[in-house]
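Just so it is clear, none of the values below were taken in a lab; they were calculated from the coordinates. As the structure is a computational prediction, the values presented were derived from the model and not from experiment. When we count neighbours, we look across all protein chains shown, and the Cβ atoms used for this are built from the backbone with ideal geometry, even at glycine.
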Amino acid sequence: MKRIGLFILTNIAVVVMLGIVLNVVSMVTGVNFGQMAGSDLDVTALLLFALVVGFTGSIISLLMSKQMAKMSMGVQLINTNNPAPGLESWLVDVVRELSEKAGVKMPEVGIYDGEPNAF
């Protein structure tokens, strides 16, 4: 719930900032954006359009991000109900124990072949 709240708050903050920037630029430079467009520009309609486009793009990105990350890294998911003996079983047990201690549901567990991260 916190993640969704921050998502909505961020999108609203972007639209408010866009409105402030348009008004400040208009006041400082004396530029009338409506005349530039050939008619009166409805800034409210522009901000609502930016809000809708921003929310739509953000939601699509949010919904695709988990699957895209797994695909790009070549993650092989482990069946947490029946892991293979050895490394997979140990990894699932550790993740299960940590998630229970943290009070969160069991996440997906996967393995990917990455470069060694040592220096």
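Sorting Arg96, Arg3 from the fewest to the most surrounding beta carbons within 10 angstrom yields Arg3, Arg96.
Membrane-span-like helices in the chain (whole DSSP H runs, Cα extent of at least 24 Å along the helix axis, mean Kyte-Doolittle hydropathy of at least 0.5): 2-29, 43-73. Working ranking of peptides 86-95, 108-117 by packing, defined as the average number of other Cβ atoms within 10 Å per residue, highest first, is 86-95, 108-117. Averaging the Cα positions of each part gives two centres, and for the stretch 41-63 and the stretch 100-114 these lie 34 Å apart.
On the basis of the beta-carbon distance and an R0 of 25 Å, Glu115 and Ala84 show a calculated FRET efficiency of 0.60. Taking every pair of alpha-carbon atoms in the chain, give the share separated by more than 16 Å as a whole percent. Here the long-distance tail beyond 16 Å is 76 percent of all Cα pairs in the chain.
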